[in-house]
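**Q** I have a structure here, written as structure tokens, and I will follow up with some questions on it.
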Amino acid sequence: MTPITAAPVFEHIDSARAIHASTCELVPASLSDTAPWLYSALSQLHELQRGGRDIPGVGDLRITDSASTQIRTVLSVIKVGETLPTPTLYPISGGAVGMKWNVGKREVEVTTFANGNTVVARIDGDQIIEDCELRDNYQARTELSTYLRWLVGER
């Protein structure tokens, strides 16, 4: 029996390893059936981070840690049960990352800059219908939900 005065021992957790495990090992088991689009997005982000490089004449296609963390945050505020197509993630020169969902001529595009600032836009055809900067989780959840419902909504 442990005495009441015994103090707990805290073990250091390497957050980089914990994040890697949560996005690469646990996600397939928990989300591959309920949200394949989320699993795909996290996998694409992981591959972009591993494969990013500075290409002379093209630009620096390495994604910053701030941009990577923010795009994960954006993904986390989307309701997992929503029926969405698989997004496409792509590097943007200067350490940024873009993510785009397409349904017909409609698109929802998220751009996360190297410093973590994020902008989301609704696009119909070649025309931007509406865009906004995401500032906090509540606003992100509200705006993304509205934009994504528009994307998959009835036409």
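The values are calculated or read from the model by the stated rules, or taken from the named source; none is laboratory data. Since the structure is predicted, the reported quantities are computational estimates derived from the model, not experimental observations. Cβ atoms come from the backbone with ideal geometry, glycine included; neighbour counts cover every protein chain shown. Areas reflect the complete protein model, heavy atoms only, side chains present, ligands, DNA and RNA absent. Shrake-Rupley method; radii C 1.70, N 1.55, O 1.52, S 1.80 Å.
**Q** If you take the residues of the stretch 128-147 that are of a type outside the set (S, T, Y) and not in a strand (DSSP E or B), which of them is most open to solvent (accessible area, probe 1.4 Å)?
**A** Per the stated criteria, the residue is R135.
**Q** Name the single residue that is nearest to the chain's Cα centre (by Cα) among those in the stretch 52-66 being at pLDDT 80 or above, more than 15 Å from T88 (Cβ to Cβ) and not acidic (D, E).
**A** So, considering only residues that are at pLDDT 80 or above, more than 15 Å from T88 (Cβ to Cβ) and not acidic (D, E), the one nearest to the chain's Cα centre (by Cα) is S66.
**Q** Moving on to the next point. Would you pick out the residues in the stretch 62-79 that are farther than 12 Å from G98 by Cα, among the β-branched types (V, I, T) and not in a helix (DSSP H, G or I)?
**A** Result: T64, V77, I78.
**Q** In addition: With the structure loaded, tell me whether G125 is at pLDDT below 90 and loosely packed, with under 14 Cβ neighbours inside 10 Å or whether it fails that test.
**A** So G125 does not fit the description; no.
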